[in-house]
Amino acid sequence: MSGDYKNMWKNLGLDLEAHDALLEVLGTGYQDIYMSQQDRPEGMGYFDFVVSEVHGLRIKELMDEKAAGRKVIGSFCVFVPEEIVRATDATLVGLCTGADFAMDEVEKLLPRNTCSLIKSAFGFKLGKVCPYLESADMIVGENTCDGKKKSYELLNNLVPNLYVMDLPQVKSAEGRALLKAEYLRFKKAVEELTGVTIDATRLKKGIEIVNNKRKAVHRLSSLRKADPAPISGLDALLANQVFFYDDPVRFTESVNKICDELEQRIEKKEGVFPEKTPRILMSGCPMALPNWKLPCIIETSGAVIVGEESCVGERGTRNLTDNSWDTVDELMEAIVDRYFQVDCAIFTPNSDRLDHIVEMAKTYKADGVIHYGLQFCQPYLMESMPVEKALEAKNIPSLRIETDYSMEDVEQLRTRVEAFVELLK
Ligand code: BJ8
């Protein structure tokens with residue numbers, strides 16, 4: 001970390017000792033997992049810097065924005081429309097949900113059999129170690145899975161500024177109407193928070209910024225079709241994770257720069273793994289920063305990850321918002337249309353997701369699919385069965401993994417992944 005941020009963290013109410021311990025673990029994990037990779041694109045240096053400053057310089061930037069009168073909004077889900085937030089010059093940040101912290105305290109509040117992602121959100125709050133959460137002027141929860149939905153009732157006792165968005169569970173006309181009503185309510189709440197009225201020019205600008213970020217990620221994904229793979233799955237995942245934290249315009253530029261480099265690599269037939277390395281598509285629960293356990297196991301077991309069917313990946317970024325409309329009403333409709341296509345497992349039925357997984361496996365020339373389900377995540381674990389069947393019907397091998405954020409099962413997972421990779425060779 002390049003600056004001295006202790007005072008800033010203290011003013012945010014962080015527990016400095018616990019926070020130091022977290023940064024230590026994060027730094028060591030990053031060194032071990034990321035810096036040990038071979039032949040990384042030079043452009044990844046930017047993301048190394050972002051991670052090293054994720055609680056430092058980036059928070060300082062947010063504090064500066066706040067001092068200039070802009071607002072920060074925290075979110076746990078890709079259904080929170082960033083376009084609306086951007087239209088008011090506010091910043092949307094993903095809240096930390098990718099590591100275990102203060103679990104003893106968490107399990108006093110939540111049942112033990114709650115998924116790691118939800119527990120992590122509470123751990124970062126109870127342990128006072130998330131500067132994003134503490135700097136947010138509004139924290140948006142969403143009624144998605146039962147675990148999240150019920151946990152927000154408890155989170156409401158821990159934070160002063162929780163806003164809960166209702167979400168449909170069925171892709172029907174009524175479901176779309178609910179999403180539209182909730183996005184209009186959210187727009188009003190963001191306008192009230194920021195004091196900015198969203199007009200068509202502002203909304204179009206917001207859409208453009210977020211679309212550009214998505215387009216850059218689409219470009220990166222597309223380059224991963226090449227064999228040899230020009231970038232590791234771990235590095236591509238990192239870009240998808242930083243998507244939720246970084247300044248959007250700077251992020252877009254940085255990803256495009258990496259893409260320029262990858263295009264040259266592809267032309268020279270250079271890769272991070274040898275040609276014909278078994279190619280894996282990851283599918284399932286989102287992997288929030290710094291959840292790198294399974295990708296690290298896969299890529300140190302002789303395979304390369306070529307795509308993520310995940311909210312921290314293609315499920316979250318797949319579609320653009322149509323920016324060709326002229327009025328706020330039309331643009332809001334376009335936003336609703338865009339998000340209504342997200343095929344989260346909370347929807348029933350959710351056959352689009354099965355089609356997307358098969359399609360992605362083909363597009364990225366994956367030899368096999370690893371389905372990642374977090375322990376106690378009913379929606380994704382339940383859906384892993386039909387996913388397996390849909391892949392079987394297309395003769396695509398798959399492996400179902402159920403795990404959490406602890407490191408206890410690493411060796412067991414490695415044995416299963418290695419056996420799967422052997423099968424793909
Ligand atoms: S749109 S995937 S980001 S809800 S892992 S908390 S589902 S029990 S995260 Fe998600 Fe939005 Fe859907 Fe995407 Fe519940 Fe499962 Fe835990 Fe999960």
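Okay, here's what the table says:
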| read-out | value |
| --- | --- |
| The chain: calculated mean residue ellipticity at 222 nm from DSSP helix runs of at least 4, using -39500 (n - 2.57) | -16500 deg cm²/dmol |
| Cα-based equivalent ellipsoid, the chain: semi-axes from gyration tensor eigenvalues, Å | 31, 25, 23 |
| Set Lys149/Lys389; Lys71/Lys225; Lys148/Lys276; Lys148/Lys389; Lys268/Lys389; Lys150/Lys171 screened for pairs whose C-alpha atoms are more than 31 Å apart | Lys71/Lys225; Lys148/Lys276; Lys268/Lys389 |
| Within-12-Å neighbourhood charge of Asp4 [Cβ basis; K, R +1; D, E -1] | +3 |
| Peptides ranked, highest mean first, by Cβ atoms within 10 Å: ranges 370-379, 230-239 | 230-239, 370-379 |
| For Val93, distant residues with modelled amide H under 5 Å away | Ile73, Gly74, Ser75 |
| Globularity index of the stretch 8-90, i.e. its alpha-carbon radius of gyration over 2.2 N^0.38 Å | 1.35 |
| Listed peptides 208-218, 281-291, 36-46 by packing density, highest first (mean Cβ within 10 Å) | 281-291, 208-218, 36-46 |
| Per-peptide average of other Cβ atoms within 10 Å, ordering 120-130, 388-398 highest first | 120-130, 388-398 |
| Around Phe340: net Lys/Arg minus Asp/Glu count, Cβ-Cβ under 13 Å | -2 |
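No value in this document is a laboratory result; all are computed from the given coordinates. A quick note: this is a predicted structure, and the numbers were derived from the prediction, not measured. FYI the Cβ positions are ideal-geometry reconstructions off the backbone, even for glycines, and counts take in every protein chain you see.
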